[in-house]
1. So, in the range 138-147, how many residues would count as being over 10 Å from the mean Cα position of the chain (by Cα) and on the phi < 0 side of the Ramachandran plot?
2. Given the condition among the basic types (Lys, Arg), assigned to a strand (DSSP E or B) and buried (at least 17 other Cβ atoms within 10 Å of the Cβ), answer yes or no: does some residue in the range 262-275 qualify?
3. What are the residues in the range 111-169 that are without any contact (Cβ under 8 Å) to a residue 12 or more places away in the chain and either under 23 Å from Ile238 (Cα atoms) or in contact with a strand residue (DSSP E or B) (Cβ under 8 Å, 6 or more places away or on another chain) (or both), if any?
4. Report yes if Lys133 is at pLDDT 90 or above and in a helix (DSSP H, G or I), otherwise no.
5. Does Ser268 fit the bill of being in contact with a Pro (Cβ under 6 Å, 6 or more places away or on another chain) and either in the same structural domain as Gln114 (by TED's automatic domain parsing) or closer than 14 Å to Leu157 by Cα (or both)?
6. Restricting the search to the range 1-18, which residues are small (Gly, Ala, Ser) and in a helix (DSSP H, G or I)?
7. Filtering the range 156-202 down to residues that are within 24 Å of the chain's Cα centre (by Cα) and assigned to a helix (DSSP H, G or I), which residue is modelled with the lowest pLDDT?
Amino acid sequence: MTITQLEYIVALADLKSFSKAADFCCVSQPSLSMQVQKLEDELNLTLFNRRAKPLEPTVEALDIISKARIILAESKSILSLTKEWSNSVNGHLAIGVIPTIAPYLMPKFLADFQIKHPDLDISISETTTENIKRDLASGKLDIGILVTPLQSDLVELPLYYEELFLYSNVWEDDGSKLKSELDPAKLWLLEEGHCLSNQVNSICNIKAGSHMGANLTYQTGSLETIVRLADLGFGQTIIPQMFLDYIDNKLKEKVHNLPSPIPVREVSLVHAKSYSRKAIIKALQLEILGHIPISWKSANNRSIIPI
């Protein structure tokens, strides 16, 4: 028994004609007749006297049609509630953000977002791309803020394109100045599983996994730790553009552009296809974009680095 079949028998009861009921339900008459027959077979009852002109429900069908009207009314009320829920910014929102985005993006917009939407209860977890993809698919998380494109069936809504820079504390051989060119032998990276490491691998074809020389390996997911290690150990690392807002001005002389084509990472809102809170998605998208420079909202012929 389906909602569609109930709609068909109610239309037949009201319009007393297979052709008129089919037109009303926007289906062909054979399709409507077939579904009504399937319902009769399932119930082991004849619902309509087809010999009567106009068509009449059988005595046995009267109670069934009455119940069908109640079920259809309740069904419409559920759809109405769902639509209202979809168009409101309230309830609970679980967001997953990767560690190379969360500390720099979230402080920019989160307070304003909470003020504008006080009825929305927000929980945020900071974890890797793979964990967020898994939790979005399972429904544990509602929305992810990730570097894309992903190899998945999740919905991706690009927000901005963030340039990647070289942070260098490696001196030229003659000690005259800090190197502005990438030296893979001196490069510190985040541990395996972080998309920024994967992107650096794409840029310079080296293995992710932080190291300096042959006798030291340091596994970390913290970009701040990597920068400090590079700074103290005469090394280099790759940093995203938003990170520049959070480092001391004295250290910015160690930041250099990477060779052309300029590498950027695409940052997106990501959610499962089944997530229906469109108003929340739109509100979050607009709030983030309101705190992002206009020049970041397009790749502008820069090279989007895969993860």
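The values are calculated or read from the model by the stated rules, or taken from the named source; none is laboratory data. Owing to the predicted nature of the structure, the values given are computational and were not obtained by experimental measurement. Glycine gets a Cβ as well: all are built from the backbone with ideal geometry, and neighbour counts include every protein chain shown.
1. Residues of the range 138-147 that are over 10 Å from the mean Cα position of the chain (by Cα), as a first pass: 138-140, 147.
Okay, now just the ones that are also on the phi < 0 side of the Ramachandran plot, so 138, 140, 147.
The number of residues fulfilling the criteria is 3.
2. From the range 262-275, those among the basic types (Lys, Arg) are 265, 273; that's our starting set.
In the following step, the residues that additionally are assigned to a strand (DSSP E or B) were identified as 265.
Pick out the ones that are also buried (at least 17 other Cβ atoms within 10 Å of the Cβ) and you get 265.
Yes.
3. Residue satisfying the conditions is Gln114 alone.
4. Values: at pLDDT 90 or above: yes; in a helix (DSSP H, G or I): yes.
Yes, satisfied.
5. On the way: in contact with a Pro (Cβ under 6 Å, 6 or more places away or on another chain): yes; either in the same structural domain as Gln114 (by TED's automatic domain parsing) or closer than 14 Å to Leu157 by Cα (or both): yes.
Yes.
6. Going through the range 1-18, the residues small (Gly, Ala, Ser) turn out to be 11, 13, 17.
Ala11, Ala13 - these are the residues of the range 1-18 that are small (Gly, Ala, Ser) and in a helix (DSSP H, G or I).
7. Ser197
Condition check ((1) modelled with pLDDT of 90 or more; (2) closer than 30 Å to Glu163 by Cβ; (3) aliphatic (A, V, I, L, M); (4) surrounded by fewer than 16 Cβ atoms within 10 Å (Cβ to Cβ)) across all residues:
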residue	(1), (2), (3), (4)
Glu7	yes, no, no, no
Asp23	yes, no, no, yes
Cys26	yes, no, no, yes
Ser33	yes, no, no, no
Leu81	no, no, yes, yes
Ile95	yes, yes, yes, no
Tyr104	yes, yes, no, no
